[in-house]
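The values are calculated or read from the model by the stated rules, or taken from the named source; none is laboratory data. Predicted, not measured: the structure shown is a model, and the values here were computed from it. Positions of Cβ are generated from backbone atoms using ideal geometry, with glycine treated the same way; all protein chains shown enter the neighbour counts. SASA here: full protein model, heavy atoms, side chains in, ligands and nucleic acids out. Shrake-Rupley method; radii C 1.70, N 1.55, O 1.52, S 1.80 Å.
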Amino acid sequence: AAPPLGDDDDDDDGAAKKKKEKATSCCSKRKEAPAQAEAAPPAAKKKPPLKTRTLLEREPLSRTAVVQPTRTPWFRAAPPLPASAATVTTGKGSHEMRERRVPDAEVPRHAPMVVARDVLDPALAAALLEDLSERTEWRRGTWTLFGKTVPLTRQSRTFELPSRRRRSSVMMNETTGLGPLSSSGGRVAALDAPEPLRRAAEVVVAFVRRRVDPEWDPTYAYANQYLHRDQGVSRHSDQLDRLGPRPIIAGLTLGACRRFEMHKRDGSVSVSVPATHNSLVVMTHDAQEAWLHEVPRGAAAALVAHPVAGHVRYNLTFRMERPEIAARCGACDCGRPAVLKANTKRPGQYYLTCNPSGRAEGDTGCKFWRPCKWAEEEATRLREQQARRSL
């Protein structure tokens with residue numbers, strides 16, 4: 001016979017009934033959820049309004065970007081220079097090279113160069129930078145070497161300056177049919193200097209006469225425009241057929257900061273100076289005879305953007321043209337004006353040679369070469385004159 005039902009069986013039946021009711025309740029809730037969602041959809045979350053940033057709040061552009069001149073201040077201000085900003089490197093071999101930092105005041109002890117900061121009044125520097133930025137007459141010249149003509153990586157322009165020597169200089173140019181001499185040896189049509197440039201030239205002339213030569217009187221300013229750090233100038237020395245031996249060349253920087261370097265021809269000394277906005281670098285004495293100068297490009301440029309000009313840098317080199325020197329240089333066998341250069345293998349000597357600038361592709365010119373004794377005598381006279389002034 002079957003055993004009688006006890007209390008345990010009643011408990012089991014009650015638990016099963018509760019479990020079934022719970023499952024039925026869950027199913028009904030699942031079915032009701034979509035209906036409730038369709039009936040009353042939740043309110044969509046409002047997106048926060050977009051924050052528009054002004055030009056002053058934007059991040060600076062990449063250092064490799066090509067930036068056209070602009071007056072909109074969208075670059076961060078450059079950090080202040082350290083007390084010892086220039087770098088002097090001595091020694092030829094890698095194991096002999098020594099590098100140390102020096103202040104601007106000690107630079108003339110290591111290279112024929114004088115450095116000055118904040119030369120112009122800030123308002124004048126800003127006006128001159130604005131004038132250069134708005135100009136459209138910039139031209140990219142060419143350079144001929146061993147019969148091959150290559151374009152320069154920078155743009156340039158020449159401005160005539162009012163000076164005592166300007167009239168004789170212009171007369172000489174009208175006689176020869178040539179304009180002022182550029183750093184690459186070419187002749188270009190010169191423009192009249194604008195008012196900000198004439199005022200800046202007065203300040204530069206006063207500084208050079210006080211520190212270097214009281215008789216210096218520049219006749220023109222050769223301006224270079226560098227749009228980004230991939231534009232620069234390789235190591236070179238300027239031709240002397242219009243400037244004469246031991247010329248003084250003053251370079252004023254506006255806009256972005258780039259490094260200006262001078263290297264002794266024998267490789268024993270190199271001096272690197274950060275050419276900041278509104279700074280002046282004056283090459284003196286035998287800077288063109290015994291030294292080479294350059295503005296490095298690429299990663300070595302150490303470019304610092306300017307708050308207004310961005311990555312664009314302008315350099316105005318003030319030069320004194322000497323027509324009497326050009327008249328004595330004469331012409332080469334091609335009939336073109338000869339070029340006066342310093343003899344790099346024999347310091348203190350000069351020679352005349354054929355001018356490669358402005359020739360057609362493949363035209364290497366003539367083989368004209370002649371030592372120049374009168375240039376050596378002129379260099380000796382200038383050297384002795386400088387020694388007397390330093391006493």
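So which residues in region 118-136 are in contact with a strand residue (DSSP E or B) (Cβ under 9 Å, 6 or more places away or on another chain) and open to solvent by 60 Å² or more (accessible area, probe 1.4 Å), if there are any at all?
Passing the criteria: only Asp118.
Under the condition of being crowded, with 20+ Cβ neighbours inside 10 Å and not small (Gly, Ala, Ser), which residue from region 188-204 is nearest to Asn278 (Cα to Cα)?
Val204
Could you list all residues from region 78-123 that are closer than 14 Å to Leu280 by Cα and among the β-branched types (Val, Ile, Thr)?
Val107, Val114, Val115, Val119 - these are the residues of region 78-123 that are closer than 14 Å to Leu280 by Cα and among the β-branched types (Val, Ile, Thr).
Report the residue count in region 220-236 for those that are open to solvent by less than 10 Å² (accessible area, probe 1.4 Å), of a type in the set (Ser, Thr, Tyr) and over 22 Å from His306 (Cα atoms).
So the answer is 1.
Among the residues of region 281-302, is any open to solvent by less than 40 Å² (accessible area, probe 1.4 Å), modelled with pLDDT under 95 and over 30 Å from Gly91 (Cβ atoms)?
No - not one qualifying residue is present in region 281-302.
Here is a yes/no grid of residues against (1) on the phi > 0 side of the Ramachandran plot; (2) assigned to a loop (DSSP other than H, G, I, E, B):
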position: His285; (1), (2): yes, yes
position: Glu289; (1), (2): no, no
position: Leu292; (1), (2): no, no
position: Tyr314; (1), (2): no, no
position: Thr317; (1), (2): no, no
position: Glu321; (1), (2): no, yes
position: Ile325; (1), (2): no, no
position: Asp333; (1), (2): no, yes
position: Leu340; (1), (2): no, no
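Can you tell me which residue within region 327-347, out of those that are more than 29 Å from the chain's Cα centre (by Cα) and among the small types (Gly, Ala, Ser), is least open to solvent (accessible area, probe 1.4 Å)?
Looking at the filtered set, the residue picked out is Ala338.
Results for (1) in contact with a Ser or Thr (Cβ under 7 Å, 6 or more places away or on another chain); (2) not β-branched (Val, Ile, Thr), shown as yes or no for each residue.
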{"position": "Pro274", "(1), (2)": "no, yes"}
{"position": "His277", "(1), (2)": "yes, yes"}
{"position": "His285", "(1), (2)": "no, yes"}
{"position": "Glu289", "(1), (2)": "no, yes"}
{"position": "His311", "(1), (2)": "no, yes"}
{"position": "Leu316", "(1), (2)": "no, yes"}
{"position": "Ile325", "(1), (2)": "no, no"}
{"position": "Cys334", "(1), (2)": "no, yes"}
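Kindly check whether there is at least one residue in region 268-276 that is farther than 18 Å from Arg235 by Cα, in contact (Cβ under 8 Å) with a residue 24 or more places away in the chain and either of a type outside the set (A, V, I, L, M, F, W, C) or open to solvent by 20 Å² or more (accessible area, probe 1.4 Å) (or both). Outline the logic, then answer.
Within region 268-276, the first condition is being farther than 18 Å from Arg235 by Cα, and the residues that meet it are 276.
After this cut, where a residue has to be in contact (Cβ under 8 Å) with a residue 24 or more places away in the chain as well, the list is 276.
Now drop any that are not either of a type outside the set (A, V, I, L, M, F, W, C) or open to solvent by 20 Å² or more (accessible area, probe 1.4 Å) (or both), which leaves 276.
Yes; the residues of region 268-276 include at least one that is farther than 18 Å from Arg235 by Cα, in contact (Cβ under 8 Å) with a residue 24 or more places away in the chain and either of a type outside the set (A, V, I, L, M, F, W, C) or open to solvent by 20 Å² or more (accessible area, probe 1.4 Å) (or both).
Let's see how each residue does on (1) surrounded by fewer than 13 Cβ atoms within 10 Å (Cβ to Cβ); (2) closer than 29 Å to Pro247 by Cα; (3) of a type in the set (Gly, Ala, Ser); (4) at pLDDT 55 or above:
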{"residue": "Thr54", "(1), (2), (3), (4)": "yes, no, no, no"}
{"residue": "Thr64", "(1), (2), (3), (4)": "yes, no, no, no"}
{"residue": "Trp74", "(1), (2), (3), (4)": "no, no, no, no"}
{"residue": "Ser84", "(1), (2), (3), (4)": "no, yes, yes, yes"}
{"residue": "Thr90", "(1), (2), (3), (4)": "no, yes, no, yes"}
{"residue": "His95", "(1), (2), (3), (4)": "yes, no, no, yes"}
{"residue": "Ala105", "(1), (2), (3), (4)": "yes, yes, yes, yes"}
{"residue": "His110", "(1), (2), (3), (4)": "no, yes, no, yes"}
{"residue": "Val115", "(1), (2), (3), (4)": "no, yes, no, yes"}
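In this structure, does Tyr350 turn out to be touching a helix residue (DSSP H, G or I) at 6+ places or on another chain (Cβ under 7 Å), among the hydroxyl-bearing types (Ser, Thr, Tyr) and either modelled with pLDDT under 90 or within 30 Å of Pro80 (Cα to Cα) (or both)?
Answer is no for this residue.
Among what's in region 137-161 and is basic (Lys, Arg) and open to solvent by 30 Å² or more (accessible area, probe 1.4 Å), pick the residue that is modelled with the lowest pLDDT.
Keep residues of region 137-161 that are basic (Lys, Arg), which gives 139-140, 148, 154, 157.
With the extra rule that they be open to solvent by 30 Å² or more (accessible area, probe 1.4 Å), the set shrinks to 139-140, 148.
Details: Arg139: 85, Arg140: 81, Lys148: 65.
Top of the filtered list is Lys148.
State which residue is surrounded by the fewest Cβ atoms within 10 Å (Cβ to Cβ) when the search covers only region 205-219 and only residues that are touching a Ser or Thr at 6+ places or on another chain (Cβ under 6 Å) and farther than 10 Å from Thr284 by Cβ. Explain how you work it out, then say what you get.
Start the filter on region 205-219 by keeping residues that are touching a Ser or Thr at 6+ places or on another chain (Cβ under 6 Å), which leaves 212, 217, 219.
Then keep just the ones that are farther than 10 Å from Thr284 by Cβ; that gives 217, 219.
Details: Asp217: 16, Thr219: 24.
The qualifying residue surrounded by the fewest Cβ atoms within 10 Å (Cβ to Cβ) is Asp217.
Tell me, yes or no, whether region 345-368 has at least one residue that is among the small types (Gly, Ala, Ser) and under 22 Å from Val208 (Cβ atoms).
Step one: list which residues in region 345-368 are among the small types (Gly, Ala, Ser), which gives 348, 357-358, 360, 362, 365.
After this cut, where a residue has to be under 22 Å from Val208 (Cβ atoms) as well, the list is none.
No, because not a single residue in region 345-368 is among the small types (Gly, Ala, Ser) and under 22 Å from Val208 (Cβ atoms).
Restricting attention to region 122-144, which residues are part of a loop (DSSP other than H, G, I, E, B) and touching a residue at least 40 places away in the same chain (Cβ under 8 Å)? If you could, list the steps in order and put the result at the bottom.
Just the residues of region 122-144 that are part of a loop (DSSP other than H, G, I, E, B), to begin with: 135-138, 140-141.
Result: Glu137, Trp138, Gly141.
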